[in-house]
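The values are calculated or read from the model by the stated rules, or taken from the named source; none is laboratory data. None of these values were measured; they are calculated from a predicted model. Positions of Cβ are generated from backbone atoms using ideal geometry, with glycine treated the same way; all protein chains shown enter the neighbour counts. In case anyone asks, the SASA skips ligands and DNA or RNA and just uses the protein heavy atoms, side chains included. Shrake-Rupley method; radii C 1.70, N 1.55, O 1.52, S 1.80 Å.
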Amino acid sequence: MKIHFALVSFFLYISFSTAQSIQGQVVYTATTDLSEYLEKVKANTNMTDVQREAKINNIESSEPMKFKLSFNQKEAIYKSYLSMEELRRLGKLMNQTGFLGGYQYTFYTNRETKENFYQYFFTKEVLIKQKDIPWELTSESKKIGKYTCYKAVADMGSIKTLNKVHLGPVVAWYTPEIPISYGIQGYNGLPGLTLELIANYDEGQIFFNATSIDLNPKQDIKIKKPKGKLITAEEYNALRKKMNEIRDSRRN
């Protein structure tokens with residue numbers, strides 16, 4: 001992680017004891033800009049008419065979705081605000097905003113054990129390791145609500161996030177006033193809670209905004225750690241490829 005020199009002494013001032021005592025929940029609302037992706041789909045001649053119409057419908061029917069980060073002194077979990085069963089009942093499983101936001105995934109982080117992985121709803125038997133985010137901290141700041149936030153940028157390069165290709169750097173706005181390193185999806189590791197995040201993928205641009213922050217509630221936050229075999233992203237991609245080949249062979 002690259003750190004702007006002017007910020008070093010400021011971040012060192014953050015109290016470790018304060019960070020240890022914080023727990024709570026944050027609700028994020030995700031919105032998207034799918035205009036460029038929609039034009040790509042319309043012009044894609046490699047799709048059948050049925051596939052193209054289905055994609056267009058998914059894009060045009062997209063709407064904002066909510067995600068929730070729950071954390072305590074030791075660990076955090078991030079997932080869709082509504083369960084897959086609730087999303088299915090409401091008919092929102094094909095929402096492009098949810099797809100970009102990772103509604104099918106649960107993200108888990110543990111500060112003590114250094115665990116950082118995610119779990120896919122349809123392959124719950126495995127946990128996929130997440131790679132560290134190459135953040136560069138800047139001195140640029142702005143107010144989000146009552147919090148002073150700083151801008152961080154991550155050039156993801158060839159790193160894929162949930163099998164989506166990045167078209168540009170990820171931009172996050174975090175506040176050292178809430179000194180926890182948990183964040184949105186797997187975008188962790190900043191010296192403060194992330195309140196906004198922007199990511200531009202090959203299938204659309206997504207914006208996350210914190211719309212509710214509940215710190216130190218009366219009841220302790222209990223985190224249920226996902227269970228499964230821990231594997232690398234490369235191993236998981238190979239597994240998914242094999243599963244797809246088996247599925248296609250059965251269709252034939």
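Here are the numbers for the structure shown:
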item: FRET efficiency, K124 to M94 (Cβ-Cβ, R0 22 Å, nearest 0.05); result: 0.55
item: Top of L190, L87, L100 by mean-square fluctuation, Gaussian network on the chain, Cα under 10 Å; result: L87
item: Karplus (6.51, -1.76, 1.60) ³J(HN,Hα), θ = phi - 60°, over region 225-230, in Hz, Gly and Pro reported as x; result: 6, x, 10, x, 7, 7
item: Dipole axis of the chain (+1 Lys, Arg; -1 Asp, Glu on Cβ), positive-most option in V41, Q185, Y108; result: Y108
item: By average C-beta atoms within 10 angstrom, highest first, the peptides 202-208, 40-46; result: 202-208, 40-46
item: Full-extension gain in nm, Q73 to K131, via 0.36 nm per residue minus C-alpha separation; result: 18.7 nm
item: Average Cα contact separation per residue, the chain, under 8 Å, 6 or more apart, as relative contact order %; result: 24 percent
item: Residues of the chain: accessible area per residue with a 1.4 Å probe, Å²; result: 55 Å²
item: Net lengthening on full extension, I231/I246 (0.36 nm per residue, minus Cα-Cα); result: 3.3 nm
item: Size of electric dipole in region 130-252: Cβ of Lys, Arg +1 and of Asp, Glu -1, about Cα centre, debye, nearest 20; result: 720 debye
item: Reach of K225 by Cα under 16 Å, taken over lysines that are not fewer than 8 positions away in the same chain; result: K68, K74, K79, K114, K124, K129
item: Which labelled figure in (i) 17.3; (ii) 15.1; (iii) 18.0 is mean projected area of the Cα convex hull in nm², once derived from the coordinates; result: (ii)
item: Choice from G101, G145, G168 showing the highest fluctuation, given a GNM over the chain with Cα pairs closer than 10 Å; result: G145
item: With every protein chain in place, the chain: carbon and sulfur % of accessible area (1.4 Å); result: 51 percent
